[in-house]
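Visitor: Here it is: the structure, laid out below.
The values are calculated or read from the model by the stated rules, or taken from the named source; none is laboratory data. Nothing here was measured: the structure is a model prediction, and the numbers come from that model. Heads up, the Cβs are rebuilt from the backbone with ideal geometry, glycines too, and the neighbour counts pull from every protein chain shown. All accessible areas refer to the heavy atoms of the entire protein, side chains included, with ligands and DNA or RNA removed. Shrake-Rupley method; radii C 1.70, N 1.55, O 1.52, S 1.80 Å.
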Amino acid sequence: MTDNSKSGAPAAPMLDRRDERVAHSASIGDSIRAFLDRIRSGDLGMLPVIVGLVIIWTVFSILNPVFLTPNNLVNLLFDSSTVGIISLGIVCMLMVGEIDLSVGSVSGVASAILGVLWVNQGVPAGFAILAAVAAGALIGFLYAQLFNRFGMPSFVATLAGLLTFLGLQLYLLGTTGSINLPYGSPLVRFGQLMVMPAIVSVILAAVPGVVMLYTGYRTAARRRAAGLSSQSSTGIITRAVAVTVVAELVVAYLNQGRGVPWMFGLFVGLVLAMQYALTRTRWGRSMFAVGGNREAARRAGINVRAIYTSAFVCCSTLAAFGGVMAASRLASSSQQAGTGDVNLNAIAAAVIGGTSLFGGRGSAYSALLGIIVIQSISSGLTLLDLSSSLRYMITGGVLAIAVIVDSLARRSRVSHGRA
């Protein structure tokens, strides 16, 4: 026999048991074991909020069967979309370990700008919307300058903004305090009435599964080419099929009522776009890096100031856009827009949905799941004709539990070397 080591032929790489598993796609059983290992090590992902949502829906459906009727769920999705868009901006801030306390006031100012320009000044609706959203982006840029150049903590800067822009909102609306938007306009119909045709909703419900299949195969191929572990083809197909089946069942159920709201479809589209940006772009990876360790990110060559600026701008822009959608939902720009529990619900939704308060960990899906949890509590208590005081107390309790789970999971990740 020829000894390769003596004949000059390249020696075959010695693979230990783990490397051998890396070289081949894992089976479904391996995927399940890996998932359980992640849970034990504190990498909980979306599991707590999904379990919580199932419990909430089960309890309210037992107490009042109307809760899970198609039309009530359609109304729930309409109501979730406006604050959900605002919460999506909060996810950006929490990802870098900062906070924006003024999103409610910014959304109110955007609503006021829309009403003043469109109704009072006669500016076309499209230009009025662009002006309102641009004002939000400008506010975010201002916060970023206060944070980057003057070292003003985001908590203080945005708290000052909360008061300032609340006053600006009252000033813009004047003594009347409210501007009614044209009820028959496309914007108002979009916020109150417009739902997808059944065939469109069925087609769109299949899109996430197709995207998961495509991205899953691409990721697995790249990891195998790099000699890393990869999910099996069976596992990728199983996940994609499961997501598609669930989405199609939900859409079919909603179509028994009014159908899937276009506004909710817009919200989901923004969530998917943000999730892609966070996980598939250099900007997204930089967001995670800055939130995880600012100094390490700086030493790695990341423009930390630019990342913070982008987070502030994204947050305020989405807050302003959420204010525009809220105005379309209410068919008015009023002094109550952005006030009340809008601010707290937007922040609570991101945290309840699973985005860490400590920075560096989170997902755009947090805004989607978190706001559905909060709106489910509100809808369920309304159907039971219970006081709104209970909604505040229950939402506060859920928020406290979410923060406790996040803190315990963080400790577990540290002890398992996954922090």
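Visitor: Taking the Cα centre as origin and putting +1 on Lys and Arg beta-carbons and -1 on Asp and Glu beta-carbons, what dipole magnitude results for region 259-412, to the nearest 20 debye?
Guide: Details: 12 positive and 4 negative charges, 160 e Å.
Charge dipole, region 259-412, about its Cα centre: 760 debye, nearest 20.
Visitor: Roughly how much of TYR253 is accessible, in Å² to the nearest 10, using a 1.4 Å probe?
Guide: That residue has around 80 Å² of solvent-accessible surface.
Visitor: How much length, in nm to one decimal, is gained on full extension between ALA198 and ALA221, taken as 0.36 nm per residue of separation minus their Cα-Cα distance?
Guide: Details: separation 23, 0.36 × 23 = 8.28 nm, distance 3.59 nm.
The ALA198-ALA221 span can extend by a further 4.7 nm.
Visitor: How large a share of the accessible area of the chain, in percent, is made up of carbon and sulfur atoms when the probe is 1.4 Å and the other protein chains stay in place?
Guide: Values: 13820 of 20910 Å².
Of all accessible area on the chain, carbon and sulfur atoms account for 66 percent.
Visitor: Determine ³J(HN,Hα), in whole Hz, for all residues of region 207-224 in sequence, where each value follows from phi through the Karplus function 6.51 cos²θ - 1.76 cosθ + 1.60 and θ = phi - 60°; x replaces Gly and Pro.
Guide: 4, x, x, 5, 5, 4, 5, 5, 5, x, 5, 5, 5, 4, 5, 5, 5, 5
Visitor: Using Cα-only point scatterers and the Debye equation, what is log10 of I(q)/I(0) for region 50-123 at each q in 0.21, 0.24 Å⁻¹, rounded to two decimals?
Guide: The calculated log intensity ratios at q = 0.21, 0.24 Å⁻¹ are -0.97, -1.04.
Visitor: Write down the accessible area per residue of region 198-355 in Å², having rolled a 1.4 Å probe over the full set of protein chains. Mind dumping the intermediate values first?
Guide: Working: 7440 Å² over 158 residues.
Here the per-residue accessible area is 47 Å².
Visitor: To the nearest 20 debye, what is the magnitude of the charge dipole of the chain about its Cα centre, counting +1 on the Cβ of each Lys and Arg and -1 on the Cβ of each Asp and Glu?
Guide: On the way: 29 positive and 15 negative charges, 243 e Å.
In debye, rounded to 20, the chain gives about 1160.
Visitor: Further question on the same structure: To the nearest 10 degrees, how steeply does helix 388-415 sit against the main Cα axis of the chain, on a 0 to 90 scale?
Guide: 20 degrees
Visitor: Hey, could you get me the Stokes-Einstein D for region 260-419, Kirkwood radius over alpha-carbon pairs, 10 °C and 1.306 mPa s, rounded to whole µm² s⁻¹? Don't skip to the answer; put the middle values down first.
Guide: Working: Rh = 17.6 Å.
Diffusion coefficient, whole number: 90 µm²/s.
Visitor: Using just the helices of the chain, give the 222 nm mean residue ellipticity in deg cm²/dmol: DSSP H runs with n ≥ 4 each add -39,500 (n - 2.57), and the total is spread over all residues, rounded to 500.
Guide: On the way: 18 runs with 304 residues, N = 419.
The helix-only estimate for the chain comes to -24500 deg cm²/dmol at 222 nm.
Visitor: Would you please report the Å³ per residue occupied by the convex hull of the alpha carbon atoms in region 260-319?
Guide: Details: hull volume 4.6 nm³, N = 60.
Per residue, the Cα convex hull of region 260-319 comes to 76 Å³.
Visitor: Cα axis of helix 103-115 to longest principal axis of the chain: angle in degrees, 0 to 90, nearest 10?
Guide: For helix 103-115, the angle is close to 50 degrees.
Visitor: In whole Hz, with x marking every Gly and Pro, tabulate ³J(HN,Hα) for region 231-240 from phi via Karplus 6.51 cos²θ - 1.76 cosθ + 1.60, θ = phi - 60°.
Guide: Result, rounded to whole Hz: 6, 5, 4, 4, x, 4, 5, 4, 4, 4.
Visitor: Stokes-Einstein at 4 °C, 1.567 mPa s, Kirkwood radius from Cα pairs: D for the chain in µm² s⁻¹? Intermediate values should be presented prior to the final figure.
Guide: Working: Rh = 23.2 Å.
D = 56 µm²/s.
Visitor: Which whole-number percent of Cα pairs in region 275-352 have a distance greater than 19 Å? Walk me through the numbers on the way to the answer.
Guide: Working: 1540 of 3003 pairs.
More than 19 Å apart: 51 percent of the Cα pairs in region 275-352.
Visitor: Whole Å is fine, so just give me how far the alpha carbon centre of region 140-216 lies from that of region 73-120.
Guide: Taking the Cα centre of each part, region 140-216 and region 73-120 sit 4 Å apart.
Visitor: Separate question: Counting only heavy atoms of the protein chains, get the accessible area per residue of region 99-193 (1.4 Å probe) and round it to a whole Å² value.
Guide: Numbers: 4420 Å² over 95 residues.
The answer is 47 Å² per residue.
Visitor: For TYR183 paired with ALA273, estimate the spin-label separation in nm (one decimal), with each label point 7 Å from Cα along the Cα-to-Cβ line.
Guide: 3.2 nm
Visitor: Volume per residue, Å³, of the convex hull around the alpha-carbon atoms of region 171-310? Could the numbers behind the result be given before it?
Guide: Details: hull volume 24.6 nm³, N = 140.
Each residue corresponds to 176 Å³ of Cα convex hull volume.
Visitor: Separate question: So how do 80-91, 373-384 stack up, highest first, on mean other-Cβ count within 10 Å?
Guide: Details: 80-91: 29.8, 373-384: 20.2.
Order by mean packing, descending: 80-91, 373-384.
Visitor: Spin-label point model (7 Å from Cα, Cβ direction): what's the THR69 to VAL156 distance in nm?
Guide: 5.3 nm
Visitor: Which cross-chain or sequence-distant (5 or more) residues have an amide H under 5 Å from the amide H of SER332, H modelled 1.01 Å from N in plane?
Guide: Result for SER332 returns LEU181.
Visitor: Give a residue-ordered list of calculated ³J(HN,Hα) values for region 148-157 (Karplus: 6.51 cos²θ - 1.76 cosθ + 1.60, θ = phi - 60°; whole Hz; x for Gly, Pro).
Guide: 6, 8, 10, x, 6, x, 4, 4, 6, 4
Visitor: Between TYR217, CYS315, MET95, whose Cα lies farthest towards the positive end of the dipole of the chain when Lys and Arg beta carbons carry +1 and Asp and Glu beta carbons carry -1, centred on the Cα centre?
Guide: Result: TYR217.
Visitor: To continue, here is another question. Calculate how steeply helix 365-383 sits against the longest principal axis of the alpha-carbon atoms of the chain, using the helix alpha-carbon long axis, and give the answer as 0 to 90 degrees to the nearest 10.
Guide: Approximately 50 degrees, to the nearest 10.
Visitor: Check which residues have an amide H placed less than 5 Å from VAL195's amide H, if you skip close sequence neighbours.
Guide: TRP262
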